[in-house]
Amino acid sequence: MQPFTLLIKPSGSDCNVDCTYCFYKCRAPEVGQGRQRMSEEVLERLVKDYLGLRFQLSGFAWQGGEPTLMGLDFYQKAVELQKKYGVAGQEVGNSLQTNALLVNNAEWGRFLHENKFLLGISIDGPKELHDHYRLDLGGHGTWDRVLRAIDCCREHQVEFNTLTLVNRLTADHPDEVFDFLIGLGERYLQFIPCVEVDPRTGQIADFSVTPQQYGDFQCRIFDRWLQFGPQRLSVRDFDSVLSHCISGHHSICTFDRQCSQYIVVEHTGDVFPCDFFVEPKWRLGNILQTPIEQLAVCAQKKTFARKKQNLANKCLVCRHLAVCRGGCMKDRAPFDPDNYGRESYFCESYRRFFDYAMPRFLQVAAQIRSGALVRPPQLT
């Protein structure tokens, strides 16, 4: 069996902040509302079944909503179960994608450090950019509390990277965002383009980045990355393009040939092929009824994986097809919700970016192959 990662939503869509652009707000009610918590029964089953597959590296990616709402006891239990069901020589990795508001004390800091959790901390740049959309349930900005959490991580030597949403506002400030993140001392960056459909109008939501904005943003961040030094700074999308230039394989699913790098386990134990497609028609089953091993290779999962190959004619004749593969299916779905065969919302962005950057990507790749340049290790 091809190894895969578990993307786990122990608190479902439940969250302690109220981001304007939250993708759950643009999803059907089936994703759940209010308090959602994974039971110990579901937790033990997923750890036992997944580690029982005996992958050399077993990756547990805890996400949400906000996964820290589960409380520290939940993750202590998860680690205990990983030790119970793991075997000698089996490497286990835990990552936690968080808004970081609750990761602000020594107890969390010590646990995360001692158990080698990798944190992905959501932060959109300087205070005025971050607090525009990332508000708490009372309508107050969260930037100051995120910075306190980052200080806590530094104090306890917790490894973390940053995740930044490129939205209608931040897209116009690539230099300010880049300088801020580098000023934090951060050397592992993720930039995620923000686009959603407003369920009230059926149109692209106002906070969404435009294709032109995102293309320009990527090009400017690429220039800053080269100036700073690819050997000193990891940008997730750029790492994937370099990986493709060197080996022919991407490290992220956005540009991969098929959507099959992970499966999603919701708090109920329901399993889906992707966190952007947690909807009834793509439900694979429930781990309390069917082993993860069977769900990961079921016919419905294979059907979903192959859907990415439903490329638009425009993609088939594009000079960047090999590296782009039509982008993420999520960005095709609003325009073709049945087959995902339309061009991506970000088609213009990717053409501009790859036209601009591919010659220099190939130069950097050649330097890496020759040993003249050593990249920083990639984080997942």
Selection within region 80-112 - farther than 29 Å from CYS22 by Cβ and either surrounded by fewer than 16 Cβ atoms within 10 Å (Cβ to Cβ) or hydrophobic (A, V, I, L, M, F, W, C) (or both)
GLU80, LEU81, LYS83, LYS84, VAL87, ALA88, GLY89, GLN90, GLU91, VAL92, ALA106, ARG110
Find the residue count for region 196-209, including only residues that are under 20 Å from the mean Cα position of the chain (by Cα) and either of a type in the set (Lys, Arg) or assigned to a loop (DSSP other than H, G, I, E, B) (or both).
4
Regarding region 349-367, can at least one residue be identified that is farther than 30 Å from GLN33 by Cβ and not in a helix (DSSP H, G or I)?
no
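Residue-by-condition table, conditions (1) open to solvent by 20 Å² or more (accessible area, probe 1.4 Å); (2) outside any helix (DSSP H, G or I):
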| site | (1), (2) |
| --- | --- |
| ARG35 | yes, yes |
| TYR50 | no, no |
| SER58 | no, yes |
| ALA61 | no, yes |
| THR68 | no, no |
Is at least one residue of region 159-171 in contact with a strand residue (DSSP E or B) (Cβ under 7 Å, 6 or more places away or on another chain), surrounded by fewer than 21 Cβ atoms within 10 Å (Cβ to Cβ) and farther than 24 Å from LEU118 by Cα?
no
The listed residue being open to solvent by less than 40 Å² (accessible area, probe 1.4 Å) and farther than 14 Å from ALA365 by Cα, out of THR254, THR268
THR254
Filtered residue count, region 302-347, keeping only those that are of a type in the set (A, V, I, L, M, F, W, C) and at positive phi
0
In region 107-135, anything in a loop (DSSP other than H, G, I, E, B) and either within 13 Å of GLN76 (Cα to Cα) or in contact with a Gly (Cβ under 9 Å, 6 or more places away or on another chain) (or both) is listed as ASN115, LYS116, PHE117, ARG134
When you look at TYR188, is it farther than 28 Å from PRO376 by Cα, open to solvent by 10 Å² or more (accessible area, probe 1.4 Å), in contact with a strand residue (DSSP E or B) (Cβ under 9 Å, 6 or more places away or on another chain) and of a type in the set (Phe, Trp, Tyr), yes or no?
no
If I filter region 238-251 for residues that are open to solvent by 40 Å² or more (accessible area, probe 1.4 Å), within 20 Å of GLY64 (Cβ to Cβ) and not β-branched (Val, Ile, Thr), do I get at least one hit?
no
Enumeration of residues in region 271-297 that are without any contact (Cβ under 8 Å) to a residue 40 or more places away in the chain and buried (at least 16 other Cβ atoms within 10 Å of the Cβ)
VAL271, PHE272, PRO273, TRP282, ARG283, LEU284, GLY285, ASN286, LEU295
Given the options CYS15, CYS19, name the one that is open to solvent by less than 30 Å² (accessible area, probe 1.4 Å) and either among the hydrophobic types (A, V, I, L, M, F, W, C) or in contact with a strand residue (DSSP E or B) (Cβ under 9 Å, 6 or more places away or on another chain) (or both).
CYS19
Every residue from region 215-262 that is closer than 26 Å to PHE60 by Cβ, of a type in the set (Val, Ile, Thr) and either modelled with pLDDT of 95 or more or more than 21 Å from the chain's Cα centre (by Cα) (or both)
VAL235
If you take the residues of region 151-195 that are part of a loop (DSSP other than H, G, I, E, B) and β-branched (Val, Ile, Thr), which of them is nearest to SER95 (Cα to Cα)?
VAL158
Residue ID - farthest from TYR214 (Cα to Cα), chosen from residues in region 329-349 that are of a type in the set (D, E, K, R) and surrounded by fewer than 22 Cβ atoms within 10 Å (Cβ to Cβ):
ASP338
Please state which of the following conditions LYS307 fails to meet, knowing it meets all the rest: (1) open to solvent by less than 30 Å² (accessible area, probe 1.4 Å); (2) touching a Cys at 6+ places or on another chain (Cβ under 8 Å); (3) among the basic types (Lys, Arg).
(1)
Search result, residues across region 113-156 that are open to solvent by 20 Å² or more (accessible area, probe 1.4 Å) and on the phi > 0 side of the Ramachandran plot
LYS116, GLY139
Here are some conditions: (1) touching a residue at least 60 places away in the same chain (Cβ under 8 Å); (2) under 22 Å from the mean Cα position of the chain (by Cα). ARG45 meets all but one. Which one does it not meet?
(2)
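The values are calculated or read from the model by the stated rules, or taken from the named source; none is laboratory data. None of these values were measured; they are calculated from a predicted model. Note: ideal-geometry Cβ built from the backbone for every residue, glycine included; neighbour counts use all protein chains shown. Side chains included, ligands, DNA and RNA excluded: accessible areas come from the protein's heavy atoms. Shrake-Rupley method; radii C 1.70, N 1.55, O 1.52, S 1.80 Å.
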